[in-house]
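Mind having a look at this structure? Questions to follow.
Just so it is clear, none of the values below were taken in a lab; they were calculated from the coordinates. Only a predicted model underlies this, so the values are computations on that prediction, with no experimental measurement involved. Note: ideal-geometry Cβ built from the backbone for every residue, glycine included; neighbour counts use all protein chains shown.
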Amino acid sequence: MANIQDLGIAGIRGGIDSGAFTAVEVAETFIDRVSAAKPLNAFLVETPDHALTAAKAADEAKAKGETLGKMAGVPIGMKDLFCTEGVPTTAASGILEGFVPQYESTVSANLFKNGAGMLGKLNLDQFAMGSSNETSAFGNVISPWRRNDGGNTDITPGGSSGGSAAAVAGRIAPAATGTDTGGSIRQPAAFAGITGFKPTYGRCSRWGTIAFASSLDQAGSMAHDTRDCAIMLEAMAGFDVKDSTSLDLPVPDWEAALNSDLKGKRIGIPKEYRVDNMPSEIDALWQQGIAWMKDAGATIVDVSLPHTKYALPAYYIIAPAEASSNLARYDGVRYGKRDLPDGAGLQDMYAATREAGFGDEVKRRIMIGTYVLSAGYYDAYYTQAQKVRTLISQDFDKAWEQCDLLLTPTAPSAAFGLGEKSDDPLAMYLNDVFTVPSSLAGLPAMSVPAGLDGQGLPLGLQVIGKALDEQNVFNAGLALEERAGFVAKPEQWW
Amino acid sequence: MSMTESTYRIQGATGEWEVVIGLEVHAQITSNAKLFSGAATDFGAEPNTQVSLVDAAMPGMLPTLNGECVRQAVRTGLAINAKINKYSRFDRKNYFYADLPQGYQISQLYHPIVGEGVIQISLDDKDPDAHGKAIGVERIHIEQDAGKLMHDQHPTMSYVDLNRCGVALMEIVSMPDMASPKEAAAYVRKLRSILRYVGSCDGNMEQGSMRADVNVSVRKPGDELGIRTETKNVNSMRFIQQVIEYEAQRQVDVIEDGGTIVQETRLFDTEKGETRSMRSKEDAHDYRYFPDPDLLPLELEDDFIFDCKASLPELPDEKRARYKTVLGLSAYNAAVLTAEHETAIWFEELLDTTDKPEKIASSAANWMMSELFGALNNMGKSIEESPVSPAEAAELLGLIADGTISGKIAKQVFEIMLETGDGAAKIVEEKGLKQESDTGAIEKVIAEVIAANEDKVEQYRGGKDKLFGFFVGQTMKAMQGKANPQVVNELLKQKLG
């Protein structure tokens, strides 16, 4: 029997089911892990009572012989982009400091309905804008991973779901929610050596999730393995009348249909994802992934996604454009921070509040977004970017004529040291080069931990599927996982 | 319908000027819930008691479209014979203000739900068809209203009331087809009438359910369009006309003094009766419109549009035509009775009490316009609040028609009905107001009158025809007004020879 702290969702479910341990023991284990992990700064708020209450409910339900929910007794970490009733929610921004929602996001409510408890709210890049967690107003998360050079350089957990990735990788939480706008689940999952799954746009309701870029934001699961991601996503997803963009479709039983036999499946390898200056280790891992896919019975097809190089620029127009409008509500009038200088009028209050409340990266994106939507520039930027978005979707549609799934690296590098890229926004934006196209097309995609680089840091492979075809993405992820045999975990230094 | 050229001109130092007017009318859609939230929309509720999480723009809140508001906009479009756009979309209009929690208004800039339509206006109540004009409607789109700032609640602070925030509006944009204050007023009146017939807006301008942005420009007859100004949020028929008069004269003065008109937004000062500049084009907001990513495009099915069409009542123009041709009303009566839907409903309920409506239509119309409207006006009541119901009125009119009472007595009976709420027949019975048509009784009285006034009889017979009225009066007086005037006339003529 493994330590409880090393268990994931399925493991906890099995243990509670067999009576090996109680849900309360699980909750207590992770509550202790959370309070011992303060140096990682992964949690912004700790909610041990919530986790314990859910655990007791699970134990009582089991004692009564009731059927347990999919997530019964599993204490999870909640990215602090999900509004949680009665629990402070800030999106890691100073502008929401002190904000306590009186409502529960649909995703968190679904998870709680399925029996999950909450250990606390997880740190992230401010308003999910960032790839390193360094834009959090409450200090960055530090990855539990360290380079194998004997040094103690703090490593980024990735972003924006960096708190989620660090918590799962550090065995502080067995699973965590994430959100992905341009790679915010997959890149940190790759950096932290865990599994992260972003479903088709619309699978998870966005109601109660603080918006970054509405047409791209999508919640997903972050856990130790594919099975756990499938279980958790089933518990999160579903149609919601309160979100007009949510999909009115039943949630499949992905876990039950998991099957790593890829016979008959065609895996596309997009040539445009072979970018300049990509470390040879990542290319080698990609080749290894191809071999694993073949081993699982799949055939490999070379495909082209010709507009890939325009994806990043288009993304950095569309996402900031939407963000500039979505973040207008943080004005100091109704909730959150208000900075009211002596004798200030309304405009002064807006300026002072937003100046003090928003971080630099958030301001940068608001300015970019405001610019690209302004009169005289709209057509040159926003309209063009939307056209590119259509072309990128069409690229994928054409690829699906030749293949069923795509295999790519998740990120163009392993995790970097904190501070190494924070002065260079463009270098930072490049982190998303492999994840952004599938976000623009709204496709399901996941990152599977597949190996370590020379510095001992994790690398991930990405599987991208057709819209609504989460099942085959999970199946391919499972096939990779079985062959990669990724068991490395960070040594506890905190 | 014949078209009427406006002869309205501003007399300037350099000659005559034409005025060109376009109106953007904001009409609050009648609906129990807001456009994108379930919050209530009652007028006059305590501040901030009709505010949902969505209206307050709490983090993570999303709009969901209220189908009833869509239905009302489509019905309105159909009522003005407009093109219904089966594909429309919502855009965000971004600007900061404390009454706009989201920091943007959800509107429809690029793809409005309703396209071009037309509204027939009349410039002469006596004969609308002889003096009509067609005013083009460019589009109707649906959008959210903003909240309200309250500046009188605290010495140094302004308070925000979000009750109105998110309430559904239709913006009905006319073509620049109006040429006088009178035409603009006629347009707003007709639009209001249509909206109230359709039931898509209560048209209550005092409560702000309907308000207009007034676009005005001037030009020398036959010239190209001049530069226009837009005066915002004008909330009465009278103010709309004042704005046009003031603004047209101001523009003429500016141009004739060698100045130029700047395209700008203006405000109307209702106390001074003047418009003044709010912001010029250079300072205009850049609203950064873009499609709202929280909402899917709105796609309408043919069946939905068909059902909207089927649900429309008979509209004022059709009704007016029918009143003239089928019921035989005068053009004026038909116009007055159809202007307000409630009036037409009342009238038709009255007609419904008989199976030959065309027989009583004219007398009923005349009675309503002369007796009922006057009485309601004196009481300060609307027709819906009339203390006398259409059925009760029908009873009264029936007594006149069958000769039971005279028109004169009917006035008296109606007054008693208003006071007591009793039915006409009961009143006539109890008060003994029944008309005397028995020739024997009348002849007897006439004989007495003639006997008592022999000198006048002689004068009459000598050619003083006018004295006939004297004999009628004396006879009626002697019979306490209850004699059938027709019978009195006939018998008097016989007896006086």
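Compute, for segment B:10-308, the length of the dipole vector about the Cα centre, with Cβ point charges of +1 (Lys, Arg) and -1 (Asp, Glu) only. Units Debye, rounded to 20. Show your work: numbers first, answer last.
On the way: 31 positive and 47 negative charges, 38 e Å.
I would put it at about 180 debye.
Please go through segment B:263-307 and write out the trypsin sites (Lys or Arg not before Pro) that DSSP classes as loop and that have at most 11 other C-beta atoms within 10 Å.
On the way: sites: B:Arg266, B:Lys272, B:Arg276, B:Arg279, B:Lys281, B:Arg288; in loops: B:Lys272, B:Arg288.
Passing sites in segment B:263-307 are B:Lys272.
So between B:Asp302 and B:Leu123, what do we pick up on full extension, going 0.36 nm a residue minus the alpha carbon distance?
Gain in length upon complete extension: 60.8 nm.
Further, regarding this structure: Rounded, prolate or oblate: which fits chain A, taking a ≥ b ≥ c as square roots of the Cα gyration tensor eigenvalues, rounded meaning a/c under 1.5, else prolate when a/b beats b/c?
Numbers: a/c = 1.43, a/b = 1.05, b/c = 1.36.
Cα axes put chain A in the rounded bin.
Related question: Looking at the square roots a ≥ b ≥ c of the eigenvalues of the Cα gyration tensor of segment A:365-411, which shape do they give, rounded for a/c under 1.5, prolate if a/b is larger than b/c, or oblate? The partial results should precede the final answer.
Numbers: a/c = 6.45, a/b = 2.16, b/c = 2.99.
Here segment A:365-411 falls in the oblate category.
Kindly write out, for segment B:220-225 in residue order, the coupling ³J(HN,Hα) from the Karplus curve 6.51 cos²θ - 1.76 cosθ + 1.60 (θ = phi - 60°), rounded to whole Hz, with x marking Gly and Pro.
6, x, x, 6, 5, 4
Going by how many other beta carbons lie within 10 Å of each one, how would you line up B:Lys182, A:Lys121, B:Lys190, fewest first?
The most exposed by this proxy come first: B:Lys182, B:Lys190, A:Lys121.
Further, regarding this structure: Using the Cα centre as the reference, give the magnitude of the dipole from point charges on the C-beta atoms of segment A:219-368 (Lys, Arg: +1; Asp, Glu: -1; all else neutral), rounded to the nearest 20 debye. Kindly include the intermediate steps, with their values, before the conclusion.
On the way: 17 positive and 23 negative charges, 69 e Å.
With only Lys, Arg, Asp and Glu charged at Cβ, the dipole is about 340 debye.
Nearest 10 degrees is fine. How inclined is helix B:485-496 to the longest principal axis of chain B, computing both from alpha carbons?
Long axis of B:485-496 versus the principal axis of chain B: about 30 degrees.
Suppose each label sits 7 Å from its Cα in the direction of the beta carbon; what would the B:Asp257-B:Ile345 distance come out to in nanometres?
Here the modelled spin labels are 5.1 nm apart.
Now for a different question. What are the ³J(HN,Hα) couplings of segment B:183-200, residue after residue, when phi is run through the Karplus curve with 6.51, -1.76, 1.60 and θ = phi - 60°? Round to Hz, x for glycine and proline.
5, 4, 5, 5, 5, 5, 5, 5, 4, 4, 4, 5, 4, 6, 4, 5, x, 8
Under 5 Å between amide hydrogens, which residues at least 5 positions from A:Val303 or on another chain qualify, with H placed 1.01 Å from N in the peptide plane?
Amide H to amide H, under 5 Å and 5 or more residues apart or across chains, A:Val303 pairs with A:Ile269, A:Lys271.
Follow-up. On a full-extension model of 0.36 nm per residue, what is the gain between B:Glu385 and B:Ser370, subtracting their alpha-carbon distance, rounded to one decimal in nm?
Values: separation 15, 0.36 × 15 = 5.40 nm, distance 1.76 nm.
In short, 3.6 nm is gained.
Using a Förster distance of 25 angstrom, determine the FRET efficiency expected from the C-beta separation of B:Asp286 and A:Glu355, and round it to 0.05. Display every interim value, and only then the final one.
Values: r = 21 Å, r/R0 = 0.83.
Between B:Asp286 and A:Glu355 the formula returns 0.75.
Place a point 7 Å from Cα of B:His151 in the direction of its Cβ. Which residues in segment A:336-375 have their backbone N less than 20 Å from it?
Answer for segment A:336-375: A:343-350.
Which distance in nm do the two modelled labels at B:Glu318 and A:Trp494 give, with both placed 7 Å along the Cα-to-Cβ direction?
Spacing of the two 7 Å Cα→Cβ label points: 7.2 nm.
Below 8 Å between Cα atoms, with a sequence gap of 6+, how large is the relative contact order for chain A in percent?
18
Moving to a separate point now. Return one number: the angle in degrees, 0 to 90 and rounded to the nearest 10, between the long axis of the Cα atoms of helix B:407-420 and the longest principal axis of the Cα atoms of chain B.
Relative to chain B, helix B:407-420 is tipped by roughly 60 degrees.
Using Cα-Cα distances under 8 Å and only pairs 6 or more residues apart, what relative contact order does segment B:10-308 have, in percent?
Numbers: 672 pairs, mean separation 73.6, N = 299.
Result for segment B:10-308 is 25 percent.
Here's another thing I want to ask about it. Say each of B:Ala310 and A:Arg364 gets a label point 7 Å from the Cα, pointing the same way as Cα to Cβ; how far apart are those two points in nm?
That separation, rounded to one decimal, is 5.9 nm.
With +1 on each Lys and Arg Cβ and -1 on each Asp and Glu Cβ, and nothing else charged, work out how big the dipole of the protein assembly as shown is about its Cα centre, in Debye to the nearest 20. Intermediate results must be reported in sequence, preceding the final value.
Values: 95 positive and 136 negative charges, 110 e Å.
With Lys and Arg at +1 and Asp and Glu at -1, about 520 debye.
Ok, one more. Find how many whole Å separate the alpha carbon centroid of segment A:462-494 from the alpha carbon centroid of segment B:435-471.
Result: 116 Å between the Cα centres.
Under 12 Å from the 7 Å Cα→Cβ point of B:Arg238, by amide nitrogen: which residues of segment B:350-380?
Residues passing the 12 Å test: none.
Collect residues whose amide H, placed 1.01 Å from N in the peptide plane, falls under 5 Å from the amide H of A:Leu122; neighbours closer than 5 in sequence don't count.
For A:Leu122, the qualifying residues are A:Leu44, A:Met78, A:Lys79, A:Asp80.
Could you run the Karplus curve 6.51 cos²θ - 1.76 cosθ + 1.60 with θ = phi - 60° over segment A:407-423 and give me ³J(HN,Hα) per residue in whole Hz, x for Gly and Pro?
Each residue of segment A:407-423 in turn: 10, 9, x, 7, 9, x, 8, 7, 4, 9, x, 4, x, 6, 10, 6, 8 Hz.
On to the next question. Can you figure out the FRET efficiency of A:Asp283 with A:Asn259, using R₀ = 35 Å and their beta-carbon distance, to the nearest 0.05? Mind dumping the intermediate values first?
On the way: r = 29 Å, r/R0 = 0.83.
It comes to 0.75.
Rounded to the nearest 0.05, what FRET efficiency do B:Arg189 and A:Arg334 give with R0 = 45 Å and r taken as the Cβ-Cβ distance? Could you check?
On the way: r = 40 Å, r/R0 = 0.89.
Efficiency computed from Cβ-Cβ geometry: 0.65.
What ranking do A:Phe30, A:Phe358 get, fewest neighbouring Cβ atoms within 10 angstrom at the top? Working shown, then result.
Numbers: A:Phe30 29, A:Phe358 23.
In increasing order of surrounding Cβ atoms, one gets A:Phe358, A:Phe30.
Among B:His111, A:His224, B:His341, what is the fewest-to-most ranking by other Cβ atoms within 10 Å? Display every interim value, and only then the final one.
Values: B:His111 17, A:His224 25, B:His341 20.
Lowest count first: B:His111, B:His341, A:His224.
Expected output is a single nm value to one decimal: the length gained when fully extending between A:Val241 and A:Leu346, i.e. 0.36 nm times separation in residues minus the C-alpha distance. What is it? It would help to have the intermediate numbers written out before the result.
Values: separation 105, 0.36 × 105 = 37.80 nm, distance 3.55 nm.
Value of the extension gain: 34.2 nm.
Sequence-distant or interchain residues sharing an amide H contact under 5 Å with B:Ile84, placed H: which?
Distant-sequence amide H within range of B:Ile84: B:Gly115.
Over segment A:168-269, what is the mean sequence separation of C-alpha contacts under 8 Å (at least six apart), divided by residue count, expressed as relative contact order in percent?
Details: 164 pairs, mean separation 26.5, N = 102.
Answer for segment A:168-269 is 26 percent.
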